[in-house]
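**Q** Before I ask anything, let me first share the structure, which is written out below as structure tokens.
Quick note: the coordinates plus some simple rules give every number you see, no bench work behind them. None of the values given here were measured: they were computed from a predicted structure. As a convention, Cβ positions derive from the backbone with ideal geometry for all residues, glycine included, and neighbour counts pool all protein chains shown.
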Amino acid sequence: MKYLNLLLLAPFIGLLWVPFYNMHDPVFLGFPFFYWYQLTWVPVTSALIWLVWKKGEHS
Amino acid sequence: MSGIPAPDGIALTVFILFFGLTIILGSTVALWRGRIGGKGGKSPPAAHGGHGEGAEDWGLGGRQFGAWITWFLVGGDFYTAYTVIAVPALVYAQGGFGFFALPYTIIVYPFIFMVMPKLWKVAQAGGYATAADIVRGRFGSRGLELACAISGLVAVMPYIALQLIGIRTVVEALGLPGNISLVIAFISLAAYTWLGGLHAPALTAFIKDIMIYVAVIAAVTIIPVHLGGYGAMFDIAEKALPSAGGGHVLSSGQVVPYATLALSSALAAFLYPHTLTGILAARSADTIRQNAVFLPAYTIVLGLIALLGYMAYAAGIHTTNTNMVVPYLFQTIFPNWFVGFAFAAIAVGALVPAAVMAIGAANLVTHNILPKGYETVTGARVTGFVVKLGALICVLFLNAKFAIDLQLLGGVVVLQTFPALVLGVTKLRMTSSALLAGWAAGSVSGLALCWMDGLKPVHPVGFGDISWVVSTGLIALGINLVVVLVISVIQGLVGGAKPSEA
């Protein structure tokens, strides 16, 4: 369960290391990469928290 | 203000209708709550404030809010009306940099998931209503309790002022004189909180959210259609704003401030009295975990709201008063009746968090600052009223810039309660004197840096040849933690100090 908690570090790494996404291309549905990359982290973070919550309960 | 249609009676009528309805519903919440809620029949506590349950019901909703109400309440007071005005204003002024609110409001949720259920359990077990209560319970230190309470109060007061400014912004855009409408907004807020307690914002938060969702979804679907799609919108905005160069969105000097501001905002977000009140009012620790999964839905809306700043460029809005970007945009694009609705959404969106903030502040004053014996409903009501009055005076007699500056300083100060509150629930051994010294060192250095930098939230830090511009709150928190660590280690070596137990 403790190892599973490490999943929650992913959004911190993915979002706080800005060079990962500080670029204009590729554009998706008119959105430059910078914007859609960060917006994508919203459902991903929700899913990760859900996973840690539900799996953590069983162990 | 070329091209902004003059306000008319229809917008004003729709605005008054929705705003008034929400206030009436919130103020009379005691009358109808028992009839619709599942907990039915439980009559509201007597107004002539006895101790205990009545005060806890007014200030914390009796700790009975389930997943849905918590979702609306926390979402309602975390994503405030000021956000709807200020985030697009920042994006309009600075481009991509204004989006740091997005990583901030994403990484805050793993943090809530890990920390807040623990705090909730401590608070539930000890009957605590505020951050300072929790700290007193853990460390048994009156000094640390006062430090936490004062930090929270300093942080939340300007926040209330900003909500009042949010209401004034839309009311002025409707063509009414600002100060008179501000007083009206204040009276509405006071009545609503006085009578309804935390139940008023909790049960009207859903009205606020539905209205904000409708307004924002209409804006982000209709406006791009008007203006030729999102691609065209980004193109126009990019031409209007200075380019970062090299295919980047943020210039190289903005990267570190972007990341550190996001981090420090996320760490501070739930140390504020109003956000913590929303969390502590939850029914169970699992209610909070569930909310950590579903609250990010608001962040999507926030991202879309931020885009309003770019849409303003595409709609040809030019103003130096960036707070007016959103009102002007709505007035340019929407028919009058919908302008009234959208403005009412913003005003109600200010009312809900302002009420929770006043309650959170009142809880701090009655529980942690005044001597024992004031923890009554009447005590909390009067204190809540005084807090709001202070915010009103701040807005009326000092300018908006002052409230914004104060809010920045408050954010730096409230972050300094992080070690006592959050690390206090871990197994780390720290003494109250170490924490108090850290709090003082962090607060003083943070405020001094802000002051020297001309009230900017970031400060340059150099290591040899490399220099970064880092969030001031984070620097102060670093100093704070070092002081706590050093003193704790020294006290451990001397061996005299007893590590505190819960």
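**Q** Every residue in the range B:456-485 that is among the hydrophobic types (A, V, I, L, M, F, W, C) and loosely packed, with under 14 Cβ neighbours inside 10 Å, please.
**A** B:463, B:466, B:482
**Q** Then there is this: With the structure loaded, tell me whether residue A:42 is touching a Gly at 6+ places or on another chain (Cβ under 9 Å), closer than 21 Å to residue B:235 by Cα and β-branched (Val, Ile, Thr) or whether it fails that test.
**A** Against the criterion (touching a Gly at 6+ places or on another chain (Cβ under 9 Å), closer than 21 Å to residue B:235 by Cα and β-branched (Val, Ile, Thr)), residue A:42 does not qualify.
**Q** Check the range B:256-270 and report whether any residue there is over 23 Å from residue A:18 (Cβ atoms) and more than 8 Å from chain A (Cβ to nearest Cβ).
**A** Yes, the range B:256-270 contains at least one residue that is over 23 Å from residue A:18 (Cβ atoms) and more than 8 Å from chain A (Cβ to nearest Cβ).
**Q** Go through (1) under 28 Å from residue B:363 (Cβ atoms); (2) within 14 Å of chain A (Cβ to nearest Cβ); (3) not hydroxyl-bearing (Ser, Thr, Tyr) for residue B:244 and report which single condition fails.
**A** That leaves (1) as the condition not met.
Per-residue answers, yes or no, for (1) touching a Phe, Trp or Tyr at 6+ places or on another chain (Cβ under 9 Å); (2) more than 21 Å from residue B:230 (Cα to Cα):
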position: A:7; (1), (2): no, yes
position: A:11; (1), (2): yes, yes
position: A:21; (1), (2): yes, no
position: A:26; (1), (2): yes, no
position: A:29; (1), (2): yes, no
position: A:33; (1), (2): yes, no
position: A:46; (1), (2): yes, yes
position: A:53; (1), (2): yes, yes
position: A:57; (1), (2): no, yes
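**Q** Looking at the range A:45-54, is at least one residue assigned to a helix (DSSP H, G or I), in contact with a Ser or Thr (Cβ under 7 Å, 6 or more places away or on another chain) and either of a type in the set (D, E, K, R) or facing another protein chain (nearest Cβ under 7 Å) (or both)?
**A** No, because not a single residue in the range A:45-54 is assigned to a helix (DSSP H, G or I), in contact with a Ser or Thr (Cβ under 7 Å, 6 or more places away or on another chain) and either of a type in the set (D, E, K, R) or facing another protein chain (nearest Cβ under 7 Å) (or both).
**Q** Hey, among the residues in the range A:8-29 that are buried (at least 16 other Cβ atoms within 10 Å of the Cβ) and more than 7 Å from every other protein chain (Cβ to nearest Cβ), which one's nearest to residue B:245 (Cα to Cα)?
**A** If we take residues in the range A:8-29 being buried (at least 16 other Cβ atoms within 10 Å of the Cβ) and more than 7 Å from every other protein chain (Cβ to nearest Cβ), then A:21 is nearest to residue B:245 (Cα to Cα).
**Q** How many residues, within the range B:406-453, are free of Cβ contacts under 8 Å to residues at least 60 places away in the same chain and among the β-branched types (Val, Ile, Thr)?
**A** Within the range B:406-453, residues that are free of Cβ contacts under 8 Å to residues at least 60 places away in the same chain and among the β-branched types (Val, Ile, Thr) number 2.
**Q** Only one of B:165, B:210, B:236, B:222 is at negative phi and without any contact (Cβ under 8 Å) to a residue 40 or more places away in the chain. Can you tell me which?
**A** Of the residues listed, the single one that is at negative phi and without any contact (Cβ under 8 Å) to a residue 40 or more places away in the chain is B:210.
**Q** Those residues that are of a type in the set (A, V, I, L, M, F, W, C), in a helix (DSSP H, G or I) and touching a helix residue (DSSP H, G or I) at 6+ places or on another chain (Cβ under 6 Å), I need them from the range B:459-480; list them, please.
**A** Once the filter is applied, which keeps residues that are of a type in the set (A, V, I, L, M, F, W, C), in a helix (DSSP H, G or I) and touching a helix residue (DSSP H, G or I) at 6+ places or on another chain (Cβ under 6 Å), the range B:459-480 yields B:474, B:476, B:477, B:479.
**Q** Kindly indicate whether any position in the range B:297-304 is touching a residue at least 24 places away in the same chain (Cβ under 8 Å), of a type in the set (S, T, N, Q) and within 14 Å of chain A (Cβ to nearest Cβ).
**A** Yes, the range B:297-304 has at least one match.
**Q** Right, something else. From the list B:456, B:427, which residue is part of a loop (DSSP other than H, G, I, E, B) and under 24 Å from residue B:97 (Cα atoms)?
**A** Just one listed residue meets the conditions, B:456.
**Q** If I go through the range B:172-187 residue by residue, how many of them are surrounded by 20 or more Cβ atoms within 10 Å (Cβ to Cβ) and within 20 Å of residue B:330 (Cα to Cα)?
**A** Looking only at that region, the number is 2.
Listed here are the residues, each with its yes/no results for (1) more than 11 Å from chain A (Cβ to nearest Cβ); (2) in contact (Cβ under 8 Å) with a residue 12 or more places away in the chain; (3) under 27 Å from residue B:330 (Cβ atoms).
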{"position": "B:87", "(1), (2), (3)": "yes, yes, yes"}
{"position": "B:113", "(1), (2), (3)": "no, yes, no"}
{"position": "B:132", "(1), (2), (3)": "yes, yes, no"}
{"position": "B:135", "(1), (2), (3)": "yes, yes, no"}
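**Q** Does residue B:176 satisfy being part of a loop (DSSP other than H, G, I, E, B), among the aliphatic types (A, V, I, L, M) and farther than 13 Å from residue B:353 by Cβ?
**A** Yes, satisfied.
**Q** Looking only at the range B:399-445, which residues are farther than 16 Å from residue B:146 by Cβ, under 20 Å from the mean Cα position of the chain (by Cα) and of a type in the set (A, V, I, L, M, F, W, C)?
**A** B:400, B:402, B:403, B:404, B:406, B:408, B:409, B:412, B:415, B:418, B:422
**Q** Checking residue B:228 against (1) of a type outside the set (A, V, I, L, M); (2) more than 14 Å from chain A (Cβ to nearest Cβ); (3) on the phi > 0 side of the Ramachandran plot, which test does it fail?
**A** (2)
**Q** Sticking with this one: If the requirement is being within 14 Å of another protein chain (Cβ to nearest Cβ), under 30 Å from residue A:5 (Cα atoms), assigned to a helix (DSSP H, G or I) and among the small types (Gly, Ala, Ser), which of these qualifies: B:101, B:125?
**A** B:101
**Q** Counting only residues that are in contact with a Pro (Cβ under 6 Å, 6 or more places away or on another chain) and part of a helix (DSSP H, G or I), how many does the range A:12-37 have?
**A** 2
**Q** Residues to consider are B:108, B:156, B:84, B:115; find the one that is part of a helix (DSSP H, G or I), touching a helix residue (DSSP H, G or I) at 6+ places or on another chain (Cβ under 6 Å) and closer than 30 Å to residue B:370 by Cα.
**A** Exactly one residue qualifies, and that residue is B:156.
**Q** Exactly one condition in (1) surrounded by 24 or more Cβ atoms within 10 Å (Cβ to Cβ); (2) in contact with a Ser or Thr (Cβ under 8 Å, 6 or more places away or on another chain); (3) away from chain A (no Cβ under 14 Å); (4) more than 20 Å from residue B:202 (Cα to Cα) is false for residue B:155; which is it?
**A** The single condition residue B:155 does not satisfy is (2).
**Q** Give just the number: which of (1) within 7 Å of chain B (Cβ to nearest Cβ); (2) surrounded by 14 or more Cβ atoms within 10 Å (Cβ to Cβ) does residue A:36 not satisfy?
**A** (1)
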